[in-house]
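Take a look at the structure below.
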Amino acid sequence: VLLQAIDVVKHFAVRRRGPHVRAVDGVSLTVHSGETVGLVGETGCGKSTLARCIARLYELSSGRVVFEGRDITRLSRRRLAPVRRNLQMIFQDPYGSLNPRRRVGSIIGDPLAIHDVADGRDRRRRVQELMELVGLNPEHYNRYPAEFSGGQRQRIGVARAVALRPRLIVCDEPVSALDVSIQAQIINLLDDLKDQLGIAYVFISHDLSVVRHVSDRVAVMYLGQIVETAAAEDLYARPRHPYTVALLSATPVADPDLADRRTPILLTGDVPSPVDPPSGCRFHPRCPKARERCRIEAPALESRTPGEDTHLTACHFPVHDPAELMAS
Ligand code: SF4
Ligand code: MG
């Protein structure tokens, strides 16, 4: 086990003494060495907040984060610095996270400088190796971020994140800002680096088809909580939570046979506010299968099908045949 998030809660005050946004509300997640865990859900479900909690860019309201066997939940900035060598983050907007006035060589070399790994000519050589590793031309060392395309800028972000050979990279929507044709290139790059360097990822996306591509395991989030988690093939082949079934039904598939047989399940209503989430199962106001019990009792995230020990679903009435939902 490389990383364990245990019952992580993150609430934000909207105003001083005002109501709290319950952005992440009791999430547990385990990542093993060399594994990619996909985290999916709609905008506002709390996945970016969870990512920042895991990477300790946010203080947690409660819960714990254990990384490489060490509780890092309350480490000070100074104590956290050595942990950062092995725990990096890649953001959605590669442009926003790159200082436009600095040359890419020095941006990529930052982690090497901060952690005193290399300086002078040695650093330059290592940065150029990194540029080559991520598919950038090392001769562009002295260029500025604006001189690169969107996909190349995300490669710069990736080079910076892998500079110290971390064991885990938390990727928050790393391809969402890119053209579809470029997305595949960045995903393949991350996959190659995983094989070459043995990196594990937490890979966040609102796009189930992107996550399917990269993930060993997938967790689906809704309103600050994980509603379903399973091995990737298992989740896509046998989704059990009505929310996952609905999300998947609206995701384009490459297989035309499958596409023909599917009817998108339309969810009614908007995602409720995380300031005042619904009682019981938070999905009940939008769920085609909701019954009285769902309004009252919050379902635990647990195995709901004999023999499927690693397939956990937070639903009192899990789906066994997606047709049930389409009928209703
Ligand atoms: Fe739907 Fe009830 Fe399951 Fe919630 S617990 S997802 S409301 S069936
Ligand atoms: Mg986000």
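The values are calculated or read from the model by the stated rules, or taken from the named source; none is laboratory data. Please read all numbers here as calculations on a predicted model, not as lab measurements. Cβ: placed from backbone, ideal geometry, glycine included. Neighbour counts: every protein chain shown.
Observations, loosely collected:
- Search result, residues across region 53-90 that are surrounded by fewer than 20 Cβ atoms within 10 Å (Cβ to Cβ) and within 16 Å of the chain's Cα centre (by Cα): 57, 58
- Members of region 167-194 found to be acidic (Asp, Glu) and in contact with a helix residue (DSSP H, G or I) (Cβ under 6 Å, 6 or more places away or on another chain), listed by number: 172
- Matching option when the condition is in contact with a strand residue (DSSP E or B) (Cβ under 7 Å, 6 or more places away or on another chain) and more than 16 Å from ligand 2 (Cβ to nearest atom), among 125, 212, 217, 143: 217
- For residue 216, the conditions (1) surrounded by 24 or more Cβ atoms within 10 Å (Cβ to Cβ); (2) out of contact with any Lys or Arg (no Cβ under 7 Å at 6 or more places or on another chain) are fulfilled apart from (1).
- Of the residues making up region 301-325, those that are touching a strand residue (DSSP E or B) at 6+ places or on another chain (Cβ under 9 Å), outside any strand (DSSP E or B) and free of Cβ contacts under 8 Å to residues at least 40 places away in the same chain number 1.
- Residue match in region 247-258 (condition: within 20 Å of residue 26 (Cα to Cα) and either at pLDDT 80 or above or of a type in the set (A, V, I, L, M, F, W, C) (or both)): no
- Exactly one residue among 145, 138, 174 is under 22 Å from residue 87 (Cα atoms) and either modelled with pLDDT of 90 or more or buried (at least 17 other Cβ atoms within 10 Å of the Cβ) (or both), and that residue is 174.
- Considering (1) closer than 26 Å to residue 231 by Cα; (2) surrounded by 14 or more Cβ atoms within 10 Å (Cβ to Cβ); (3) in contact with a Leu (Cβ under 6 Å, 6 or more places away or on another chain); (4) not acidic (Asp, Glu), the lone condition that residue 111 does not fulfil carries the number (1).
- Residue ID - nearest to residue 27 (Cα to Cα), chosen from residues in region 292-328 that are loosely packed, with under 14 Cβ neighbours inside 10 Å and of a type in the set (Gly, Ala, Ser): 300
- Pair list, Cβ < 6 Å and 6+ apart or interchain, from region 202-219 residues that are assigned by TED's automatic domain parsing to the domain that holds residue 30 to residues that are polar (S, T, N, Q) and part of a strand (DSSP E or B): 203/36; 211/205; 214/36; 215/36; 216/36; 219/229
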